[in-house]
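The values are calculated or read from the model by the stated rules, or taken from the named source; none is laboratory data. Quick caveat: nothing in here was measured; it's all calculated off a predicted structure. Note that each Cβ is placed from the backbone with ideal geometry, even for glycine, and that neighbours are counted across all protein chains shown.
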Amino acid sequence: MNETDPTTNGRGRRPRGRHRRRWTTLGLALGVPGVLGPYLLFVQADSNAASVDPDAYYTLVSVRSDKALDVPGADAADGAWARQMNRVAGAASQQWRLRLAGDGYYELENRSTHKVLGVRGGSSQPVAAVEQQTDRAAAAQQWRMQDVGGGAVKFVSRGSGMVLDVCGGGKEEGVPLIQYGDIGSTNQQWKLVKVSGTGGYTWHNAQIVGGGFVTGLVFNPARKDLLYARTDIGGAYRWDAAAGRWTSLTDWIGGADWNLLGVESLATDPVDPNRLYLASGTYTNDWAGNAAILRSTDQGRTFQRTDLPFKLGGNEDGRSMGERLVVDPSDHRTLYLGTRKNGLWRSTDYGATWSQVGSFPVKDGASSGVGLSFVTFGPSGSRTIYVGVADKSTSLYRSTDGGATWQAVPGQPTGQLPQHGVLSGDGSFYLTYTNAPGPNGVTAGSVWKYTPSTGDWKNVSPSSGNYGFAGLAVDPQHPATVMVTTLDRWWPSDELYRSSDGGATWKALGATSVRDDSAAPYVGTGIGHWMGALAIDPFDPGHVLYGTGSGMWGSTDVTAADSGRPTHWTVPARGIEETATLGLIKPPGLPLISALGDVSGFRHDDLTKVPAKALSGPLFTNTTGIDFAQGKPEFMVRVGLGGAQHGAWSTDGGAGWTPFAAAPVNDAGGGSTAVSADGGTVVWTPAGQAPFLSTTRGASWAAVSGLPKDATVVADRSAANTFYALSGGALYASTDGGRHFTTRATGLGDGQLKAVPGVAGDLWIAGGGNGLRHSTDGGATFRRLDGVEQAGAVGFGKAAPGAGYQAIYLSGRIKGVIGLFRSTDGGSTWVRINDDQHQFGGSVINVISGDPDVYGRVYLGGYGRGVVYGDPS
C-alpha cells in the first residue's frame with residue numbers, strides 16, 4: 001500500500017441533516033442489547049459531554065469490517081501505525097481505555113503499551129496516519145465521541161476535526177487507520193465492546209539489555225532509521241529511532257513453533273521498505289521442525305508464513321554468516337535463499353512460494369557442512385548474482401544471466417570459508433574468510449578484494465594470526481571505505497579495522513576507542529567477542545554497529561578515525577533481551593534473582609533498570625542452579641560453570657557472595673542445588689555426579705545415599721529436615737536432612753518437581769506430556785489434574801485476595817490450548833494469562849515463578865527472550 005495515496009472505495013457520501021438535540025444511551029456490544037448499569041456509555045449527541053467507565057478497557061470494533069482497532073504485534077514503538085485486525089480474545093493490544101482529557105474529549109490508551117492514539121505529526125490533512133504515540137497531551141491525541149445511532153459512535157480528532165477512519169473502507173485484516181473528513185461511512189463508525197473479567201496481562205522484560213548473540217544487522221537502504229537485528233535463539237527486532245530502543249517482532253511465536261525463534265537470515269526490501277522477510281529455523285537436527293519464511297508487509301508488525309521443506313540452523317555453526325536471504329533490487333518480487341544442506345532456492349512472488357534453483361551446482365552442505373553462506377547481487381541492471389559457499393575448494397559462484405546458469409569465479413582463494421561478501425559502489429567485491437564456520441574454532445582467516453572488471457583478486461587483510469575475519473561493511477556513500485572485524489582473536493582481544501582507501505591501508509580502532517558501557521554495565525568496556533555482524537548506516541557514514549556474543553556496540557562518530565581521532569561507542573541494545581534463563585528465585589521481601597546462561601545472572605533490585613553488575617564472587621559463565629532457604633530467605637546458594645569456583649553462598653539476599661571453600665569432588669561444577677528451609681543444609685548435585693550435602697556452607701561435603709547420578713534435589717519449603725528428588729519416574733524422599741533417601745512412589749515419569757512454600761509435604765510435578773501431578777503427603781501419592789494435557793513448568797506466588805491456596809502458574813497445554821495459565825483454587829480451574837501475541841516460545845518455557853509479595857505477578861524464562869515478567873493489566 002502506498003502510504004500517501006488516499007483511496008476512496010466504499011466512501012458513499014450521505015446527506016447530513018440538522019440533528020435534534022437529544023440524550024442517547026448506547027448499549028455496548030456485550031452480546032445482549034441495552035445492558036444497564038456500568039456497561040452503559042452515555043453520550044449527548046452533538047455535545048462535548050460523554051462518560052464511560054474510566055477504569056474499564058474496551059475493544060473498538062469497526063462497524064463495517066467487524067475487526068478490532070489494534071497495534072499489531074503489540075508493538076511498543078512510537079509511530080506504530082494502528083490497523084484493523086481480526087479480533088483475538090484477551091489481546092491487550094486490542095484493548096483501549098478512554099481517559100477523559102477535558103471538554104468532552106478522550107485519550108485512547110492502549111492496554112499493552114500504555115501509549116495513546118494520535119495523528120502522525122499532528123497533521124490536519126486528510127489521510128494522515130493514526131498511530132501509537134507517547135502521551136504528550138496534544139490536541140492530535142484527543143478524540144470526541146459522537147453517537148451515530150445503532151449503538152455506534154464516531155471519534156472526532158480535536159486537532160483536525162476529522163474522524164477516525166479505516167483507510168479505503170477496506171474489510172481486510174491489516175488495513176491502516178487514518179483521519180478523514182466525516183462522510184458518515186460505516187468504516188468511520190465504531191462499537192465499543194467492554195472487556196469483561198479481570199482482563200489480561202501486560203508483559204515486560206526485567207532489564208538486562210543484550211545478553212545473547214546478535215548474528216545480523218541489516219539497514220534498509222531506502223528508508224532512514226529502518227534497521228533490523230537477528231539473533232540466534234531470540235528472534236528478530238526492529239529499531240525504534242524515536243524511542244531509542246529495539247522492538248521484538250517474534251514474541252508471537254510459541255507452541256510447536258519455538259524452533260522458528262532462531263533467525264538464520266533477514267531481508268528488508270530495498271524497493272518497498274515495509275516488506276520484511278525472516279528465514280527462521282533454529283536447528284537442523286531430526287527432532288527440530290522444518291524452517292519457514294516469515295513475510296511481512298508492515299515492517300514486522302504482522303507476518304504471513306510459508307513453510308519450507310527443509311531445516312535451517314539459526315543457532316548452529318556459521319550462524320553469523322550472511323545474509324543468506326536477499327531481495328532482488330531490480331525485481332523485488334524475487335528473493336533468493338542460500339540454505340545449509342539444500343542448495344539455492346528462489347521465490348518470484350514476494351516469498352509466498354519457493355523452488356530450488358536446479359542449475360546451482362551445490363545442493364548439499366559443502367565441505368564444511370554449513371552450505372551456502374551468503375547471496376549478493378551485482379550492480380543494478382547487470383543480472384549478476386554472487387553466492388558464497390562454505391567450501392574450502394570452491395567458495396564463490398556467479399551468475400550473469402539472472403540465475404539461469406552459474407560458474408565458479410576464476411582466481412578465487414582456496415583453503416578458507418567465506419563469511420560475508422559485499423559489493424562496493426565502485427564495483428569492487430569484498431569478502432571475509434575464516435578456516436572454520438565459527439563463531440568458535442577459528443584459527444585463520446583473511447580479507448580479499450575482487451575486481452570483476454579485471455578479474456583480479458587481492459589479499460587486503462589488515463593483519464594475520466591465529467584468527468579469522470567475519471564482520472564486513474562498505475560505506476554506501478564512500479565506496480572506498482571498508483570495515484571488517486576479527487573473529488576468535490582471543491588475545492589480546494578481537495579488533496575492528498577501518499580502511500578509507502579500498503583496503504590498501506587499515507586503522508585498528510580498538511585501542512583508541514572510548515567506550516561507555518552504562519547501558520549494560522555487565523558487558524564491560526572491552527571490544528567484545530563473536531563479532532560476526534557489522535553494518536554502516538546508508539544515511540549516516542558515522543553511524544556503525546556491530547554485533548557481539550552479548551549484544552552490540554554502536555558509534556555515531558566512527559569517521560573520526562579517518563583523521564586520527566578517537567571514536568566513541570555505546571551499547572545501543574535497549575529492548576534486545578536475549579539471555580537464556582536457567583533459573584529464577586523470588587524470596588519473600590527480597591528482589592528477584594536470575595540464573596542465566598553466558599552472563600552468570602543478576603539481582604534485580606529494580607525490574608525496570610539494568611543491574612549494576614552480574615552475580616559475582618565468583619562470576620560464573622552459566623549459573624545452572626540456585627535456591628534459597630524458605631525460612632531464612634536472605635540465605636541462598638548458586639552453582640554453575642565457568643568461574644574460578646563453581647559454587648557460592650550469600651547471607652544478604654544475593655547482594656554479596658562467598659565461594660564454597662571446598663568442592664565435593666575434583667572438577668565439580670554445574671548441576672543443581674537445594675537449600676533446607678532453615679538454611680542449615682545445602683545439597684549440590686554437580687553435573688555427572690550423585691548428590692552431596694554440606695552443613696558448613698560448602699567448607700566440607702558428604703555423599704548422599706540412595707539417589708542416582710544427576711538427581712535434582714528439592715527442599716521441602718516448611719520441614720527443614722525433608723528433601724525430595726524425582727529421577728527415572730521415581731519420587732525419593734529424605735527426612736534426615738538429606739543424608740539418606742528412599743523411594744516413596746514410582747511410575748511418575750520424568751518432569752520438574754516443585755515444593756509449595758510454607759506447606760509441608762505439598763509437591764507438584766510438571767511432567768511434560770504426562771501433565772500436572774499434585775501430592776499433599778510428601779510424595780507418597782500423586783493425583784493427576786484433569787484437563788492439563790502438557791505441563792512444561794510450574795511455580796507459585798502470592799494467593800489471590802480471599803483465596804486459601806497460593807496462586808499456581810503453569811506453562812503448558814490445557815484443554816487443547818497452549819499458553820501460560822494461573823489458578824487461584826489449587827488447580828481446580830485455570831485462566832490463560834497470556835495471549836497469542838505474547839508467547840515467548842510457548843511450550844518450551846521451563847522456568848516460571850510467581851511473586852510471593854505481589855499477587856498476579858509472574859516471572860518466566862522466555863525462550864531466548866531473557867527474564868520476562870507479567871502483571872495483571
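All conditions but one from (1) within 24 Å of the chain's Cα centre (by Cα); (2) assigned to a loop (DSSP other than H, G, I, E, B); (3) modelled with pLDDT of 95 or more apply to G174; the one that does not is (3). Pairing each residue of the stretch 411-436 that is in a loop (DSSP other than H, G, I, E, B) with any residue that is acidic (D, E) and buried (at least 17 other Cβ atoms within 10 Å of the Cβ), provided the two are 6+ apart or on different chains, yields C-beta distances under 9 Å for S424/D475; G425/D475; A436/D317; A436/D488.
I need a count of the residues in the stretch 178-204 that are polar (S, T, N, Q) and either surrounded by fewer than 20 Cβ atoms within 10 Å (Cβ to Cβ) or touching a helix residue (DSSP H, G or I) at 6+ places or on another chain (Cβ under 8 Å) (or both).
First, the residues of the stretch 178-204 that are polar (S, T, N, Q): 179, 185-189, 196, 198, 202.
Add one more test, that the residue is either surrounded by fewer than 20 Cβ atoms within 10 Å (Cβ to Cβ) or touching a helix residue (DSSP H, G or I) at 6+ places or on another chain (Cβ under 8 Å) (or both), and what stays is 185-187, 196, 198, 202.
Residues that pass the stated criteria total 6.
Residues of the stretch 254-276 that are surrounded by fewer than 22 Cβ atoms within 10 Å (Cβ to Cβ) and under 9 Å from G841 (Cα atoms): G255, A256, D257.
Which residue is surrounded by the most Cβ atoms within 10 Å (Cβ to Cβ), if the candidates are limited to the stretch 205-239 and must be closer than 19 Å to H604 by Cα and over 12 Å from the mean Cα position of the chain (by Cα)? Walk me through how you get there before you give the answer.
Start the filter on the stretch 205-239 by keeping residues that are closer than 19 Å to H604 by Cα, which leaves 205-212.
Subsequent filtering for residues that are over 12 Å from the mean Cα position of the chain (by Cα) retains 206-208.
Working: A206: 24, Q207: 20, I208: 28.
Once the filter is applied, the top-ranked residue is I208.
For the condition buried (at least 23 other Cβ atoms within 10 Å of the Cβ) and assigned to a loop (DSSP other than H, G, I, E, B), G575 does not qualify. Here the condition is being surrounded by fewer than 21 Cβ atoms within 10 Å (Cβ to Cβ), among the small types (G, A, S), modelled with pLDDT under 75 and at negative phi; of S65, S51, it holds for S51 alone.
Can you confirm whether S775 is among the hydroxyl-bearing types (S, T, Y), out of contact with any helix residue (DSSP H, G or I) (no Cβ under 8 Å at 6 or more places or on another chain) and within 18 Å of S672 (Cα to Cα)? Taking the combined requirement at face value, the residue does not satisfy it. Residue check: D786 meets all listed conditions (1) surrounded by fewer than 20 Cβ atoms within 10 Å (Cβ to Cβ); (2) of a type outside the set (A, V, I, L, M, F, W, C); (3) not in a loop (DSSP other than H, G, I, E, B) but one, namely (3).
Specify which of the listed residues (D871, D825) is surrounded by fewer than 22 Cβ atoms within 10 Å (Cβ to Cβ) and part of a strand (DSSP E or B). Within the list D871, D825, the selection yields D871.
Before we move on, is V447 surrounded by 21 or more Cβ atoms within 10 Å (Cβ to Cβ), touching a strand residue (DSSP E or B) at 6+ places or on another chain (Cβ under 8 Å) and not in a strand (DSSP E or B)?
Numbers: surrounded by 21 or more Cβ atoms within 10 Å (Cβ to Cβ): yes; touching a strand residue (DSSP E or B) at 6+ places or on another chain (Cβ under 8 Å): yes; not in a strand (DSSP E or B): no.
No.
Taking (1) of a type in the set (D, E); (2) without any contact (Cβ under 8 Å) to a residue 24 or more places away in the chain; (3) touching a Gly at 6+ places or on another chain (Cβ under 8 Å) in turn, D456 satisfies each apart from (2). The strands (runs of 3 or more DSSP E) found wholly in the stretch 318-404 and carrying at least 1 residues that are modelled with pLDDT of 95 or more and under 23 Å from Y283 (Cα atoms) occupy 325-327, 335-338, 344-347, 372-377, 385-389. Checked across the stretch 302-309, the condition of being in a loop (DSSP other than H, G, I, E, B) and among the charged types (D, E, K, R) holds for no residue. Scanning the stretch 457-515 for residues that are exposed (fewer than 14 other Cβ atoms within 10 Å of the Cβ) and closer than 17 Å to G554 by Cβ yields T512, V514. Residue count for the stretch 633-651 under the criterion of being assigned to a loop (DSSP other than H, G, I, E, B) and closer than 20 Å to V847 by Cβ: the result is 2.
Tell me which residues, restricted to the stretch 337-362, are on the phi < 0 side of the Ramachandran plot, of a type in the set (G, A, S) and touching a Phe, Trp or Tyr at 6+ places or on another chain (Cβ under 8 Å). Please lay out each step first, then the result.
In the first step, residues of the stretch 337-362 are kept if they are on the phi < 0 side of the Ramachandran plot; the result is 337-342, 344-349, 352-362.
Among the residues that remain, those that are also of a type in the set (G, A, S) are: 338, 347, 352, 355, 358-359.
G338, S347, S355, S359, listed by residue number.
Take Y809 and tell me if it is within 20 Å of H204 (Cα to Cα) and surrounded by fewer than 20 Cβ atoms within 10 Å (Cβ to Cβ). It is false that Y809 is within 20 Å of H204 (Cα to Cα) and surrounded by fewer than 20 Cβ atoms within 10 Å (Cβ to Cβ).
Within the stretch 286-301, being of a type outside the set (K, R) and either without any contact (Cβ under 8 Å) to a residue 60 or more places away in the chain or assigned to a strand (DSSP E or B) (or both) holds for D286, W287, A288, G289, N290, A291, A292, I293, L294, S296.
Does the stretch 750-769 contain at least one residue that is touching a strand residue (DSSP E or B) at 6+ places or on another chain (Cβ under 6 Å), outside the structural domain of G804 (by TED's automatic domain parsing), aromatic (F, W, Y) and buried (at least 16 other Cβ atoms within 10 Å of the Cβ)? Checking the stretch 750-769: not a single residue is touching a strand residue (DSSP E or B) at 6+ places or on another chain (Cβ under 6 Å), outside the structural domain of G804 (by TED's automatic domain parsing), aromatic (F, W, Y) and buried (at least 16 other Cβ atoms within 10 Å of the Cβ).
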